[in-house]
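Working notes, structure below.
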Amino acid sequence: MSDDVIESKAFLQLAESELKVDQIEKDVEEYRLSKMKPLYVERDLIIEKIPDFWKIVLSQHSDFANYLRASDFTYVDCIEDVKVNWETVDKFSITIKFSGIEGDFEAQTVTKHFSRQRVIDDGNTGRKGNEEEEEEEEGELLSSEVVDIKWPNKYDKINPDKIEDKKSNEGKKNYRTGMKSLFAWFRWTGLKPGKEFPHGDSFVTLFVEDLYPYCVKYYTEAQRDLEDENDDTGSEGHSSEGELELENDDEPPAKKTKI
Amino acid sequence: MSDDVIESKAFLQLAESELKVDQIEKDVEEYRLSKMKPLYVERDLIIEKIPDFWKIVLSQHSDFANYLRASDFTYVDCIEDVKVNWETVDKFSITIKFSGIEGDFEAQTVTKHFSRQRVIDDGNTGRKGNEEEEEEEEGELLSSEVVDIKWPNKYDKINPDKIEDKKSNEGKKNYRTGMKSLFAWFRWTGLKPGKEFPHGDSFVTLFVEDLYPYCVKYYTEAQRDLEDENDDTGSEGHSSEGELELENDDEPPAKKTKI
Amino acid sequence: MRLEKILSDCLPSDDRFEVLHLQSVPTENYPIVTKKLGQDNELITVKTQHFFTLFQNSKTVFGLEIYVYITLIKKAKLDTNNDVLDAERLIFISKADTTGYNNKRINIKLITKSIIHYLLSIDPNYYLQKVKPLKRNYVGKFSNYISKSTSTVKALKLLSKRKSAHQKQLYPPNDLFLHLKCEQNIVTKICLFTRPADQYLFADSSKNAKKHVLTGEGLLLWWISIMDDLLIEEYESGTEAKLNIPGEENVRIRKYFRNLKYSSWNIGDIFGGSANSLAVFNIPLFPDDPKSRFLHQLVEENRIYKTDMETFWIELQERQEFKAGITVSVIGISGHLRSISKNIPMDGEIIKTPSKSSFKHLKSYITGEEFDTEEGALESYSNIKEYVVSRMHKDLLTVSGTYQFKPKIKPSVQKFTITTLQPRRAK
């Protein structure tokens, strides 16, 4: 075989090997989940004994707040419990338990189901909202079923089901405002990008990959005795700012290298 | 039991549960490794058939370059092969095969061994160089054995073993310069922070958690037909830097939330 | 000097406005200008961020971001409780922006200048009473505190102990802060970097046709005239006043001085350093500033010890795409104020955020919208109002305007009074 032929073959073999890597990653995720699930059940029971646990976690996490309107926080404070339940890595549900507010908001427990599917598409077909490319999730579609939730009475004006006139400017505006509220996320399907609760998929990922698994860490962070140390939780943390990290004058500096 | 007692107990239970989470994470890593190892062996054999594979990967990866002096790249180009071999997740070695340069640098293959240990310390004892806190790795110490490597002749002036006068300013300066070169990393132990090759531990992590596992990705990225798409590989993603014209746009609107 | 009064004097009469003035935790910072390695750092630098927002008719209309640095000179044996230190104040104007959704004409330039007047009136000691230090040492008697360096498991154990012992949260002792004092009459510098952009704070606001945009030159004239006024109104004679336009010939830079009232404007910057001294030890490091980014890049390119001031400015200018004809400038003034700053802000006119993340969070409610339509400006207002009222149990500051527009002033002045900060889209 000529060198070129050998190399050409090698590339194909590498491609196969990469596919095997993907398969292993998936397999590892399943393994991880099978180990974690019983522990999560145990942990959920402990968390129930700690008052305001989820309220504290959710107010602590700055990224969480970025998805919501400020007025939603009245109802975030009603969140008594959050549970994620996985059937498989790609099929799971989020259960949120709300306490009520007399005359405004009914106590309720709502479970929303999700599934992630590989989409065999190399091009730009289908969805891809206005999101940046998320390399990790390329070719995966997260979707969900609409689930009923009773909106607060205070939201009547922006509640999409109660807006009668959706044609007027005022009506359209209220509709759009309503679609940005936490309650609109419960009707998010992932199938109508641009027309649903914005960034609904990242909001799901936030719960499933960050808030739920690391809730204890966020809880303890919120308990720090010095409030001024409350930096950057859950933030993207690109610090181009900051001190110049100089090495010795006489030599080229290596560099800052944070890993 | 009073509420306080229940809560007090719940916190302890949560602490236990967190320890179990750590244990599972470790276990999952072991599992992952057991699956990946045979695949890596297979892959190493394929990679050997592709000329300049590692040279291309290492020049592609911008973070890698950040650890080294510019003059080291003459010898990075001599790197013919890189292998990582794990005995366990916490015990592994990196083998680097160099080709030689007539009259300057001897062809050689060097294996450096590493081990990671949990350090039982909750306070601020021991190491912690000038690095920011690395929450993830808190309480772990990566260390290594010194391994012999033949330095290039061109480095005689800065080769720590050949500097006779280490007291003079000139001697000290050369010594420090030498300690920043790639070759000094082979004598890095992790036990004398501030006195060894800088960021030696992150450099190891870079090989073991990034360069070696994702070498195929970096190789193909280096092969993109449009050179200008060759951004950011392996960089920490503070990409707005340097583009002065972005001065005012880089205040990220909080709501865009990329996860 | 009350913020309400100052703003009332420059907001149009018969109209009501709301104002939010956010302030970050005063925090010890690395020196503004980098020190040589190994050189003893004899300075203590305290950095505080201010963010002003103006609302009208339930819409966000104007934002101004300013950093105040107090740099103190350490004494050999520092007794932080008693020593009054020599100090210097530096006001860095970071960003100013409008949305264009005001329904009445407002004089943004006057408002901007008035806010700077207000900041100049604040006693520098106000920032020094309780400073968050660069590093905290938690060993020994502080080991029972839950801090940044406490692991999750350790924190849980501490929480458990506190519950069982009916022990309340620990309050941080004074030892965990710096308490400093400085002279009141200190050198006060103001500096800023002007560069035209579609928007500085309010994303997509340039898509609002009503938003005025300035060219690089217009922006420079706008700002230098504010600085010129401040020199006349606030500073002692003999104050240094500098303008630099990287890449521009001196003759042409001098042209900008012609209509200014202060007589000692000069070419250059207030940070000193000769043409062949290293840029790294002369150029200040400000947040979100192109000069700082360029310095960081020089570090990464291993050129930081090779780049002198002259090269720095030349390369900076090249990076600014001067081919497109954009004028950028560095403006700075440095001197003593005529009257001593002794104002202490009152509760109603300032919201002090307890942490860096809460500051960011509040600011993101204001700037996190898209301002291409009025809805963004409305949403921005309603979010921050809701948050401040219902979460913080405070309120925005209400201001009734008393300013009468005088339609018949010199045309050149009026031209700028009606213009907002926004430069015209370049190219």
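The values are calculated or read from the model by the stated rules, or taken from the named source; none is laboratory data. Here the structure is a predicted model, which is why all the values come from computation and not from measurement. In this analysis, Cβ positions are derived from the backbone assuming ideal geometry, glycine residues included, and neighbour counts consider all displayed protein chains. Ligands, DNA and RNA are stripped out before the accessible areas are found, and what is left, the full protein with its side chains, is counted by its heavy atoms. Shrake-Rupley method; radii C 1.70, N 1.55, O 1.52, S 1.80 Å.
Shape analysis of chain C places it in the oblate category; the axes a ≥ b ≥ c from the Cα gyration tensor give an a/c of at least 1.5, with a/b not above b/c. Once B and A are treated as a pair rather than alone, how much accessible area drops out, both sides summed, in Å² to 100, probe 1.4 Å? So the buried area, both faces added, is about 5500 Å².
Annotation: amide H-H contacts under 5 Å for A:ARG69 (H modelled 1.01 Å from N, sequence separation of 5 or more, or interchain): A:LEU182. Compared with the direct C-alpha span, the chain from C:LYS135 to C:LEU43 gains 31.6 nm at full extension, assuming 0.36 nm per residue. With protein chains left intact and a 1.4 Å probe, residues in chain C average 42 Å² of accessible area per residue. For peptide A:21-32, the mean count of partner chain Cβ atoms within 10 Å of a residue's Cβ comes to 4.
Only protein atoms count toward the accessible area here, which uses a 1.4 Å probe; on the range B:1-49, the carbon and sulfur part of that area reaches 57 percent.
FRET efficiency for the C:THR215 to A:GLU245 pair, using the beta carbon distance and R₀ = 51 Å, is estimated at 0.85.
Note on chain C: with a GNM built from Cα contacts shorter than 10 Å, the maximum mean-square fluctuation among C:LYS385, C:LYS109, C:LYS394 falls on C:LYS394.
If you plug the beta carbon distance of A:LYS49 and A:GLU102 into 1/(1 + (r/R0)^6) with R0 = 30 Å, you get a FRET efficiency near 0.70. Peptide B:207-216 is shielded by partner chain Cβ atoms: per residue, an average of 1 of them sit within 10 Å of its Cβ.
Given the protein assembly as shown, what whole percent of its Cα pairs are spread farther than 38 Å? Counting pairs separated by more than 38 Å, the tail of P(r) holds 53 percent. For the listed peptides C:130-142, C:93-105, C:59-71, a ranking on the average number of other beta carbons within 10 Å per residue, highest first, reads C:59-71, C:93-105, C:130-142. Computed from label points 7 Å out along Cα-Cβ, the spacing between C:ASN103 and C:ARG2 is 2.8 nm.
Taking A:MET179, C:MET227, C:MET392, C:MET1 and ordering them by how much accessible surface each has at a 1.4 Å probe, largest first, produces C:MET1, C:MET392, A:MET179, C:MET227. Considering the range B:22-94, its Cα convex hull presents a mean projected area of 6.1 nm².
Assuming charge only on the beta carbon of Lys and Arg (+1) and of Asp and Glu (-1), the dipole of the protein assembly as shown about its Cα centre is about 3660 debye to the nearest 20. In this structure, A:LYS20 and B:THR109 have a Cβ-Cβ separation that, at R0 = 35 Å, corresponds to a calculated FRET efficiency of about 0.80. Amide H contacts for C:ASN266 (H built 1.01 Å from N in the peptide plane; partners 5 or more residues away or on another chain; cut-off under 5 Å): C:ALA241, C:LYS242, C:LEU243.
Quick check: at a probe of 1.4 Å, how many percent of the accessible area of chain C sits on carbon and sulfur atoms?
49 percent
Taking the Cα centre of the range C:322-391 as origin and assigning +1 to Lys and Arg Cβ atoms and -1 to Asp and Glu Cβ atoms, the resulting dipole is close to 680 debye. On a per residue basis, the range A:1-49 carries 62 Å² of accessible surface, using protein heavy atoms and a 1.4 Å probe.
Close amide H partners of C:LYS74, meaning residues 5 or more places away or on another chain with modelled amide H under 5 Å apart, are C:LEU43, C:ILE44.
The calculated 222 nm mean residue ellipticity attributable to helices in chain C amounts to -8000 deg cm²/dmol, summing -39500 (n - 2.57) over DSSP H runs of n ≥ 4 and dividing by all residues.
With a simple spin-label model that places each label point 7 Å from the Cα along the Cα-to-Cβ direction, the separation between A:GLN13 and C:ASP204 comes to 5.2 nm. The order of the peptides A:214-227, C:193-206, C:262-275 by mean Cβ neighbours within 10 Å, most packed first, is C:193-206, A:214-227, C:262-275.
May I have the count of lysine pairs in the range B:1-49 with C-alpha atoms under 30 Å apart, counting pairs 8 or more residues apart or located on different chains? Please report the intermediate quantities before stating the final value.
On the way: B:LYS9/B:LYS20; B:LYS9/B:LYS26; B:LYS20/B:LYS35; B:LYS20/B:LYS37; B:LYS26/B:LYS35; B:LYS26/B:LYS37; B:LYS35/B:LYS49; B:LYS37/B:LYS49.
Lysine pairs meeting the criterion: 8.
Its relative contact order, with pairs defined as Cα atoms under 8 Å and 6+ residues apart, puts chain C at 29 percent. Inter-chain neighbour count for A:56-68: the average number of beta-carbon atoms from partner chains within 10 Å of each residue's beta-carbon is 3.
If one computes P(r) from the Cα atoms of the range B:1-49, what percent of pairs lie at distances over 11 Å? The calculated P(r) of the range B:1-49 puts 74 percent of pairs beyond 11 Å. Spin-label model, C:VAL251 to B:GLU29: label points 7 Å out along the Cα-to-beta-carbon direction sit 6.8 nm apart.
Sorting C:50-58, A:49-57, B:34-42 by average packing, meaning the other beta carbons within 10 Å per residue, from highest down gives C:50-58, A:49-57, B:34-42.
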